[in-house]
Amino acid sequence: MSITTPRPLIDLGPLAQLRAGRLARRVPQLIIGLVLYGVSLAMMVRGALGLAPWDVLHSGFIRHVPITLGQAVVLFSFVALIFWIPLKEKPGIGTIANAFIVGLSADATMAVLEPGEGMLTRIALTIGGIALCAFAGALYIGAQFGRGPRDGLMTGLVRRTGLSLRLVRTGLEVLVVVLGLAMGGVLGVGTVLFALLIGPLTQLMLPRFTVEVTPPTASASGPVGGDARR
């Protein structure tokens, strides 16, 4: 019985990402993944059983400023990118696309998706949102166009501090949840389910959607940090 070796996730700069080949598959996969990520966020909002940790922060922030949830996602994506500068992280094409597309897709979905009526519908929206988020994350990460703004913040902190990925991720998510709650953000059972399920589900799906690319120059390879979070 043969054993299939998982395709590696490779850390490439923007130009190298374009020169790594298979753009006819990778570009659509990236865009579809980011759009579906926004859809998954909207599903959890309409489920009203709790949001992902970063979205607890977004939902709290928009209670105090006249912007939409999707616009808050875009805003905080660029706030995260500011912190990349001292961490010396390098954004990729997918990083910038992530910063815009996820938030815009979330707003567009919420414009047409009605809030869930009844507990069964709300549960279905929440569980479906988590599963779709994992699928979407596997798509956009597997396209090999770089980390999302929040994942890059996490991996940069890991590299600079020497702390474990799990510890940094947990610390960041606790921090954003606390800040979000202080501003009136939405926390619930969906938040806990997201934290427990998103990592294993994304890890399960990622090998299937990781596109094998050919780096134009020798590059260090390794896993993209974090779960699939933007």
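The values are calculated or read from the model by the stated rules, or taken from the named source; none is laboratory data. Since the model is a prediction, treat every value here as computed from it, not as a measurement. As a convention, Cβ positions derive from the backbone with ideal geometry for all residues, glycine included, and neighbour counts pool all protein chains shown. Areas reflect the complete protein model, heavy atoms only, side chains present, ligands, DNA and RNA absent. Shrake-Rupley method; radii C 1.70, N 1.55, O 1.52, S 1.80 Å.
Say R0 is 22 Å: what FRET efficiency, to the nearest 0.05, do K90 and L23 get from their beta-carbon distance?
Taking R0 as 22 Å, the efficiency between K90 and L23 is 0.65.
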By the C-alpha gyration tensor axes a ≥ b ≥ c (rounded if a/c is under 1.5, else prolate when a/b exceeds b/c, else oblate), the shape of the range 49-156 is prolate
Each label sits 7 Å from Cα toward the beta-carbon; between T68 and T161 the label points are separated, in nm, by 3.4
Taking a ≥ b ≥ c as the square roots of the eigenvalues of the Cα gyration tensor, with a/c under 1.5 meaning rounded and otherwise prolate when a/b exceeds b/c and oblate if not, the range 130-213 is oblate
The size of the Cβ-based charge dipole (Lys, Arg +1; Asp, Glu -1) of the range 1-93 about the Cα centre, to the nearest 20 debye, is 320
Long-range share for the range 1-117, i.e. C-alpha pairs more than 16 Å apart as a percent of all pairs, stands at 68
Taking Cα atoms, the helix 149-161 axis meets the longest principal axis of the chain at an angle in degrees (rounded to 10) of 60
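Any idea what diffusion coefficient the range 116-165 gets from Stokes-Einstein, in µm²/s, Kirkwood Rh on alpha carbon pairs, 10 °C, 1.306 mPa s?
Translational diffusion coefficient: 120 µm²/s.
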Semi-axes in Å, largest first, for the chain (Cα gyration tensor, √(5λ)) are 28, 20, 17
Result for the range 82-230: accessible area per residue, probe 1.4 angstrom, in square angstrom, of 49
Karplus-derived 3J(HN,Hα) from phi for the range 23-39 (6.51 cos²θ - 1.76 cosθ + 1.60, θ = phi - 60°), whole Hz, x at Gly and Pro, runs 5, 4, 9, 5, 5, x, 5, 4, 5, 4, x, 5, 4, 5, 4, x, 4
Given the candidates H58, P207, A134, the one whose Cα lies deepest towards the positive end of the charge dipole of the chain, counting +1 at each Lys or Arg C-beta and -1 at each Asp or Glu C-beta, is P207
CD proxy, 222 nm, the chain: helix-only mean residue ellipticity via -39,500 (n - 2.57) per DSSP H run with n ≥ 4, per residue, nearest 500, stands at -22500 deg cm²/dmol
